[in-house]
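Let me begin by presenting the structure, written as structure tokens, before commenting on it.
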Amino acid sequence: MNVTTRISIMLIGCTFFCWGIQSAFAQTVSEIKGGKEFYWGEGIGKTSANAEKEALSMLINQISVTVENKFSLLSEQLTDNNKAKFTQKVNDVVNTYSNATLKNTEKMEWEEKDVVHILCYIKRSEVSKIFAEREGKIKDFIATAIKAEENLQIADALKYYYWALLLLQSHPDGNTITYAHNGAEPKLAVFLPQQINAVFAKLDFRVIGKQTEPNITLYNLAILYNKQPVSNCEYSVYDGRNWSPLSAAKDGKGVAELLGEDATLHKKISVRVEYEFGDEWKTDKEVNDILSKVEGVPFKKAKIDVAMNKVPDFKAVDDSEPIDTKPIDTDVAVATANKSAPTTNTSVEVDAKSATATNTSATVAAPAKNVLKVDGTGYLPLLKRVETAISTKNYESARECFTAEGYTVFQKLIQYGKAVIIAKPDYVFMQFDDGVLARSLSMRFSFSNRRTFVENVVFDIDMAAGKIRSLSFALTDKACKDIISHDKWTEYSRVSIINFIENYQTAYALKRLDYLQSIFSDNALIITGKVLRTVTAVENQYQQAPKIQFNRQSKSQYMRNLQKCFQNNEYVNLKFTDVSIKKGAKGGEIYGIQMQQDYFSSSYGDTGYLFVLVDVNKPNEPIIHVRAWQPEKDPDFGLYDIYHF
């Protein structure tokens, strides 16, 4: 056999081999298209990207046609029985599963005559799994809502009940999915609206006082749920012209502003309780995608008319009482410590008749090392002068009440929105190390967009100097209860943790970059979630995107980004709930603190989970070794915990 013959045989063999591959390839494509095991879509384009986009669109459409008849909840939204509209709506809704579909989709790509062909296909069983995943998410939302409701976190409860209802409309079996609850297993299509309406029915808004400002009347509200002060609740008020931006209540206290100084013209206050939380939709990709695809569900019971019967005037400062401007006697102030061990009391007592709201949050049992509940009568003149300065807006008059650093913090406080005292304080005084904590003064802070927050301000008084050295926003009563419940630790340890968290959240609100720099270790492990596409506010870099990437930042990087965040936002506000704490096995007072964090700013808001590993061996000089934020529980490891570091 000569060389020419061998080459001819090789070429013929190669041709048959390639033909065999193409034949097998064609057969595979044919089997996928002709069988019943797969959903598929084929796209043709000049580029792979264009071809794949067309293939995925066809794939989604094929899935939509197959499951269309099962979307009974969507069909109920259409009043004109328009088949084309219904088909389009189903297709739009199924498109919200596209990110999940992409994870399970396989593809084949080939070229014919310089044109790219792509076949995207997925097993029908995999699509069922995707629907099952969404059902799981719906039920996770419901479990979160039920827990929030039990904890009087009404804003969170309504949010997750409503989001579950939205997602339910996007599920082909939405009309038949059930949920085990209190020994029964109702259908969610009935259960969720009932739960939401039941929350509205148990809310009780009471007007407990009023005060006038130029052109407006400010009404103080007590907000109860099942006769207990709410931990949180968000609402709008009709001011006579428009619905106001959201106001955030805290520990049963809220405010309402109505136009005009003549209160006789105000016959009622119309409140609309927030349940949609549209500003936070973008924090959850699935919820955000569903938004424009399904009809929102209106709840008439969200609107509550609050009667005003003999509302007493409230004055933050009684003009008839002289203000003592003499220096306080610190020896008298700390001499009287309770000899009996007072019990922990974290309730808010609301008396509509006397128009008082008393907050005794985080009163810690004594005696314990350097933690004593004390008679703080001697400190009242000091605090009274500060209250007067706030009410009269003559802030300079209170300068002598503060240390130099304390007055700097006070200035940041009064610059944090428009500050108004909304309740007469009934302080609880607690000696902690070399200072006395006075808890607390209820204040409302409002901003240019009329967003409003209620905060209970805690004063940290230097015993030796007899002056206020710092201020902080108190945790909610529920968060304090969570911490106080760890009775295997000393009161000293628990107060140290409360003190740290309160100072931490306040540092963000008052933009105390210097304080935050001082408490983060130079070698701190800082993990932030960020979007693959964009980077925004450092504290919460998660926005609409198919994926979250967790990045480690150095302390200097984090502080630079945080500084930009502070500069670009009129306000930042953090709220912590569901506090879980574990103590390190060694190192003394080292704790892993896990919290749900609600983040608000003038440009962004979200909910996520924060983990902090902190050394509080020196309570006044805490050191953060780890700070990790994540938008939701990771399917593999859940939430960051002390055991991960």
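Remarks
- Label-point separation, residue 448 to residue 104 (7 Å along Cα→Cβ), nm: 4.9 nm
- Over the range 550-645 - Rg/Rh using Cα atoms and the Kirkwood inverse-distance radius: 0.98
- Paramagnetic label zone (point 7 Å from Cα along Cα-to-C-beta, residue 49; backbone N under 15 Å) in the range 106-131: none
- Taking amide H as placed 1.01 Å from N in the peptide plane, the amide H of residue 274 sits under 5 Å from that of 234, 235, 236, each at least 5 places away or on another chain.
- Estimated at 0.36 nm per residue, the fully extended path between residue 272 and residue 522 surpasses their Cα-Cα distance by 85.3 nm.
- Ranked by the mean number of other Cβ atoms within 10 Å per residue, highest first, peptides 142-152, 300-310 order as 142-152, 300-310.
- For residue 525, the residues whose amide H sits under 5 Å from its own are 626, 627, ignoring neighbours fewer than 5 places away on the same chain, with H placed 1.01 Å from N.
- Rounded to whole Å, the principal axis extents of the Cα atoms in the range 207-304 read 47, 31, 22, largest first.
- Global size of the range 209-260 as Cα Rg and Dmax, reported in angstrom: 11.7, 36
- Kirkwood-Stokes translational diffusion coefficient of the range 160-242, alpha-carbon pairs, 25 °C, 0.890 mPa s, µm²/s: 154 µm²/s
- Take residue 243: with every protein chain present and a 1.4 Å probe, its accessible area is about 70 Å².
- Anisotropy class of the range 107-165 from Cα gyration tensor, a/c 1.5 cut: prolate
- Relative packing of peptides 571-581, 122-132 - highest average C-beta neighbours within 10 Å first: 571-581, 122-132
- Separation of alpha-carbon centers, the range 157-182 and the range 571-631, rounded to whole Å: 31 Å
- Counted by Cβ distance under 14 Å from residue 54, the other residues give a net charge of 0, where Lys and Arg count +1 and Asp and Glu count -1.
- Spin-label model distance (nm) - residue 397 vs residue 641, 7 Å beyond Cα toward Cβ: 5.4 nm
- Cα centroids of the range 189-245 and the range 407-460: 22 Å apart.
- Using θ = phi - 60° and Karplus 6.51 cos²θ - 1.76 cosθ + 1.60, couplings along the range 169-185 (whole Hz; Gly, Pro as x): 5, 8, 9, x, 9, x, 7, 10, 5, 10, 9, 6, 8, 6, x, 10, 9
- Packing order of peptides 605-612, 460-467, highest average first: 605-612, 460-467 (average count of other Cβ atoms within 10 Å over each peptide's residues).
- Placing +1 on each Lys and Arg Cβ and -1 on each Asp and Glu Cβ, with no other charges, gives the range 559-629 a dipole about its Cα centre of roughly 260 debye.
- With both labels modelled 7 Å from their Cα along Cα-to-Cβ, the residue 488 to residue 123 distance reads 4.5 nm.
The values are calculated or read from the model by the stated rules, or taken from the named source; none is laboratory data. If you're wondering where the values come from, they're calculated on a predicted model, not measured in any experiment. Neighbour counts are summed over all protein chains in view; Cβ atoms, including those assigned to glycine, are modelled from backbone coordinates with ideal geometry. Ligands, DNA and RNA are stripped out before the accessible areas are found, and what is left, the full protein with its side chains, is counted by its heavy atoms. Shrake-Rupley method; radii C 1.70, N 1.55, O 1.52, S 1.80 Å.
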